[in-house]
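The values are calculated or read from the model by the stated rules, or taken from the named source; none is laboratory data. What you see is a predicted model; the values in this text were computed from it and never measured. Using ideal geometry, Cβ is built from the backbone for each residue, glycine included, and neighbour counts are taken over all protein chains shown. Calculation scope for accessible area: heavy atoms of the full protein, side chains included, ligands and nucleic acids excluded. Shrake-Rupley method; radii C 1.70, N 1.55, O 1.52, S 1.80 Å.
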Amino acid sequence: MKRTVITLALLLGQLLLTGFTGAAHATDDAGKAGDGTAGRVALIGVPGLHWNDLTQADTPNLWELARSSAIGSLSVRTVGSVTCPYDGWLTVSAGTRSAVGYSCGAPPTPQPSGAGAVIPDYRYLIDVAGQRNAGTLGQSLKAAGQCSIAIGPGAALALADQQGAVPRYHSSPLQVRGADLQQCRMIAMDVDDLIRPYLSGQRLPKTPDQLGPAERRDALRLADAHAGALLSILPADTTVLLAGLSDHGSVPHLRVAALREPGAEGRLLGAASTRRDDISILPDLTATALTKLGVAMPATVVGGPLQVGERGATFERLSHADATAQAIRSVKGGYFTVVAVLQVLFYLVAFLLLRRRRALAPVRLAAVALASLPASSYLVNLLPWSSLPQLIAGVLGWAVMVTGVAFAGPWRRRPLGPLAVVAGITALTLAGDLLTGTTLQLNSVMGYSADVGARYYGLGNIPFALLATGTLLATTVIAHRWPGRVGVAAIVGLGAFAMVLGGSGMGSDFGGVIAFVPGIAVTALLLAGKRVSLVKLGAFLVAGGVIVMAFAWINYLRPPGEQTHLGRFVGQVLTGEALDVIWRKLQAMLATLLSPNLMPIVIAALAFLIYAILRPEQASAGVVPAAFEHSPALRAGLIGTLVSGVVGMLVNDSGAAVLSMALALAVPLLLATGIGVLGRERAS
């Protein structure tokens, strides 16, 4: 309370110093600037700011700013799972996801230099931390002859040039006069009052929420007062950006993003970089500032200008978006643990029952139900779930429905019938999702979530594994029914269609194409009665690489703001940054090999499959050989699936997740088919 009173007294002094006329002028004329290219841009960064922090009582200045703006969710993820203020501001500076390289917290305090300041030890970022793009925003403004004003340490970091210098610097908004802001068209302010109490030894804490509600409200009031001091003296032609630039603890959240300009009030705020009308990323702030100021955007900036969308934006909607992401986050680890346990238990029980030729029908039912879980994890997003119990109930409900359909029609009498239904539904669900904007993968337990920020559209690594497996298995049913050229054409045609969906700008999947091509080719060769050699397999891998680079090059030729990560990878190859990207993905892939949720699925499924083939009577009462004898096409499809899964594991940063999900879908359906064959033989 004492700190709040002192701050308010200082703000009153500031108002008396600058005069009420400036504040009145700013209020009356706010929003009259045209598209912003002739005016100014002010970036107000409030690290740690949530949408549910904004209330008219506690944060009147920020609340009014957001109320009169286009608003959306900001994903602040940089390199690690959580983002500290230092990394957040550094990312704005670089225009690409950046990190200082060690456990971090607040940005460094600038050293005064004339009217400006210099970031201490700035070359560390470039020479040691490998952040070669640091200073992109400041350098671009400097090259265009645009001066800038930084207020606070984070703002100085964002606007510093590549030597770490910022031309005009103030440590507090209380030092700034209205006349100062008339001198430059780019203004940035670091409002760190909210995040400072969270920092422990200048480092971001490893706890989710270090402050209680009352302490957080006090910090919010201080932050609001300082933001209000700047807002009260901003020139009338200023486009204002409000951003919650970092996390406040060990759990990532979606943060505040707002853009105030004429006609923006009450509209959604998104960006081309995410292909979402209500989600943006930190590099979008860099792109927006440069675009609004008419400054050429360097090719290394991966963001796109913020886009004002349709009406209907509310604080409640955006708070709910973060709550949804948190619900997915809370259940995701447990979900994969449950799937792993169910898979391992299923193989153990199946081993014991099948070798005694007992309970074949229940084992077949369990196998199909288990294989229905992946598709159900996406289909649940067709339902308006809003809580964790509703999410779990929805997934189970869809699994029951898919299983019911698999055994409901006349196809249930055919050994391949349930496999065709489950594999087909899985492939069609993901293909349809790609064609309609990937609304099912976003915030799903087997997809991607907005708060993590790894992906916002296209085909994720686990969905790729399921799309490839579902497509290959479903098309082998066609090849079984119409063997020969028709079956081979179905594999090649439908497989190529799914691959193009995944690898084009619609799916934006890099490693998936490299893995899908050999899977399709191996399946087609086996169906045609041809031999598969290591030389041919290597050629298929090269072909996959060539195809995906063609997709990437076509995407690279588009304007930077419209490129996906496929096109940006080409740019990284040209600038020499690609090796860093590949090294990070390799490290991530290797880390998955130790995952307690993923590797048990791989080990159990492969062990059962290999043993069932080598010792069929001991392991599975001949179920697997019966399935292969009934349908050689299924054998070809399974081998193609394994090829895609193994290659996909090696070329994707999700690693073992790719192979484990391919096996989680394919092997239970294989057993269900074999049991169906034995059941029909008994009946006859």
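A single entry from Arg364, Arg358 fulfils the requirement of being under 25 Å from Phe628 (Cα atoms), open to solvent by 70 Å² or more (accessible area, probe 1.4 Å) and either touching a residue at least 60 places away in the same chain (Cβ under 8 Å) or not β-branched (Val, Ile, Thr) (or both): Arg358. Filter segment 561-572 down to residues that are assigned to a helix (DSSP H, G or I) and open to solvent by less than 60 Å² (accessible area, probe 1.4 Å) and give me whichever is farthest from Ser644 (Cα to Cα). Per the criteria, the residue is Gly561. Applying a threshold of 8 Å to beta carbon distances and a minimum spacing of six or more residues, or different chains, the list of pairs starting in segment 577-601 at a residue that is under 22 Å from Phe346 (Cα atoms) and ending at one that is polar (S, T, N, Q) and open to solvent by 40 Å² or more (accessible area, probe 1.4 Å) reads Pro596/Thr337; Asn597/Thr337. Taking the criterion of being surrounded by 24 or more Cβ atoms within 10 Å (Cβ to Cβ) and part of a helix (DSSP H, G or I), the residues of segment 51-61 that qualify are Trp51, Asp53. Contact map, segment 120-138: residues that are within 26 Å of Thr288 (Cα to Cα) paired with residues that are open to solvent by 80 Å² or more (accessible area, probe 1.4 Å), Cβ distance under 6 Å, separation 6+ or inter-chain. Pairs shown: Ile126/Arg132.
I'd like to check something: does segment 126-134 contain any residue that is over 30 Å from Arg317 (Cα atoms), open to solvent by less than 30 Å² (accessible area, probe 1.4 Å), assigned to a loop (DSSP other than H, G, I, E, B) and of a type outside the set (A, V, I, L, M, F, W, C)? Yes, there is a match, as at least one residue in segment 126-134 is over 30 Å from Arg317 (Cα atoms), open to solvent by less than 30 Å² (accessible area, probe 1.4 Å), assigned to a loop (DSSP other than H, G, I, E, B) and of a type outside the set (A, V, I, L, M, F, W, C).
Here segment 37-50 is the region considered, the condition is being assigned to a loop (DSSP other than H, G, I, E, B) and open to solvent by less than 10 Å² (accessible area, probe 1.4 Å), and the residue that is farthest from Glu316 (Cα to Cα) is Gly39. Screening Leu245, Leu259 for residues that are in a strand (DSSP E or B) and either in contact with a helix residue (DSSP H, G or I) (Cβ under 6 Å, 6 or more places away or on another chain) or crowded, with 23+ Cβ neighbours inside 10 Å (or both) leaves exactly one candidate, Leu259. Residue pairs whose Cβ atoms lie under 7 Å apart, sitting 6 or more positions apart in sequence or on different chains, and linking a residue in segment 450-461 that is closer than 14 Å to Thr436 by Cα to a partner that is of a type in the set (A, V, I, L, M, F, W, C) and open to solvent by less than 20 Å² (accessible area, probe 1.4 Å), are Tyr456/Ile279; Tyr456/Ala450; Leu459/Leu434; Leu459/Leu467.
Taken over segment 531-552, the criterion of being part of a loop (DSSP other than H, G, I, E, B) and exposed (fewer than 12 other Cβ atoms within 10 Å of the Cβ) is satisfied by Arg531, Ser533. Among the residues of segment 441-471, those identified as open to solvent by less than 20 Å² (accessible area, probe 1.4 Å) and among the aliphatic types (A, V, I, L, M) are Val445, Met446, Ala450, Leu459, Ala465, Leu466, Leu467, Ala468. Do you know which residues across segment 306-316 are within 17 Å of Leu254 (Cβ to Cβ), open to solvent by 40 Å² or more (accessible area, probe 1.4 Å) and either among the small types (Gly, Ala, Ser) or touching a Phe, Trp or Tyr at 6+ places or on another chain (Cβ under 9 Å) (or both)? Glu316 - this is the single residue of segment 306-316 that is within 17 Å of Leu254 (Cβ to Cβ), open to solvent by 40 Å² or more (accessible area, probe 1.4 Å) and either among the small types (Gly, Ala, Ser) or touching a Phe, Trp or Tyr at 6+ places or on another chain (Cβ under 9 Å) (or both). For segment 187-203, a tally of residues being in contact with a strand residue (DSSP E or B) (Cβ under 7 Å, 6 or more places away or on another chain), open to solvent by 20 Å² or more (accessible area, probe 1.4 Å) and under 26 Å from Gly138 (Cα atoms) returns 2.
For Ala325, the stated conditions hold: it is part of a helix (DSSP H, G or I) and open to solvent by less than 10 Å² (accessible area, probe 1.4 Å).
Only one entry in Val100, Val118 is aliphatic (A, V, I, L, M), closer than 30 Å to Asn443 by Cβ and out of contact with any Leu (no Cβ under 6 Å at 6 or more places or on another chain), namely Val100. Being modelled with pLDDT of 90 or more and part of a helix (DSSP H, G or I) holds for only one residue in Leu678, Leu665, Leu650, Leu659, and it is Leu665. Scan segment 62-114 for residues that are open to solvent by 10 Å² or more (accessible area, probe 1.4 Å) and under 21 Å from Ala272 (Cα atoms) and the total you get is 4. Pick from Ser330, Ser386: which is among the small types (Gly, Ala, Ser), part of a helix (DSSP H, G or I) and touching a residue at least 40 places away in the same chain (Cβ under 8 Å)? On inspection, the qualifying residue turns out to be Ser330.
For every residue, the table says whether it meets (1) open to solvent by 40 Å² or more (accessible area, probe 1.4 Å); (2) modelled with pLDDT under 85; (3) within 30 Å of the chain's Cα centre (by Cα); (4) on the phi > 0 side of the Ramachandran plot.
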site	(1), (2), (3), (4)
Leu473	no, no, yes, no
Ile478	yes, no, no, no
Leu494	yes, no, yes, no
Met499	no, yes, yes, no
Gly512	no, yes, yes, no
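Summed over segment 285-305, the residues that are open to solvent by less than 20 Å² (accessible area, probe 1.4 Å) and farther than 18 Å from Tyr556 by Cα give a count of 7. Take the conditions (1) closer than 30 Å to Met589 by Cα; (2) open to solvent by 20 Å² or more (accessible area, probe 1.4 Å); (3) among the hydrophobic types (A, V, I, L, M, F, W, C); Leu434 misses just one of them, which is (2). In the set (1) at pLDDT 90 or above; (2) at positive phi, Leu318 fails one condition alone, (2).
Of all residues in segment 221-229, none satisfies being assigned to a strand (DSSP E or B), closer than 23 Å to Gly116 by Cα and open to solvent by less than 10 Å² (accessible area, probe 1.4 Å). For segment 159-186, the tally of residues that are touching a Pro at 6+ places or on another chain (Cβ under 9 Å), open to solvent by less than 50 Å² (accessible area, probe 1.4 Å) and touching a residue at least 40 places away in the same chain (Cβ under 8 Å) stands at 8. Do we have any residue at all in segment 281-301 that's modelled with pLDDT of 90 or more, in contact with a Phe, Trp or Tyr (Cβ under 8 Å, 6 or more places away or on another chain) and of a type in the set (Lys, Arg)? There is no residue in segment 281-301 that is modelled with pLDDT of 90 or more, in contact with a Phe, Trp or Tyr (Cβ under 8 Å, 6 or more places away or on another chain) and of a type in the set (Lys, Arg).
Based on this model, can you work out whether Arg216 counts as over 25 Å from Arg40 (Cα atoms) and either open to solvent by less than 30 Å² (accessible area, probe 1.4 Å) or in a helix (DSSP H, G or I) (or both)? So Arg216 passes the test. If only residues of segment 346-355 that are farther than 10 Å from Pro668 by Cβ and among the hydrophobic types (A, V, I, L, M, F, W, C) are counted, the one that is least open to solvent (accessible area, probe 1.4 Å) is Leu354.
Of all residues in segment 284-300, those that are touching a residue at least 40 places away in the same chain (Cβ under 8 Å), within 26 Å of the chain's Cα centre (by Cα) and assigned to a helix (DSSP H, G or I) total 6.
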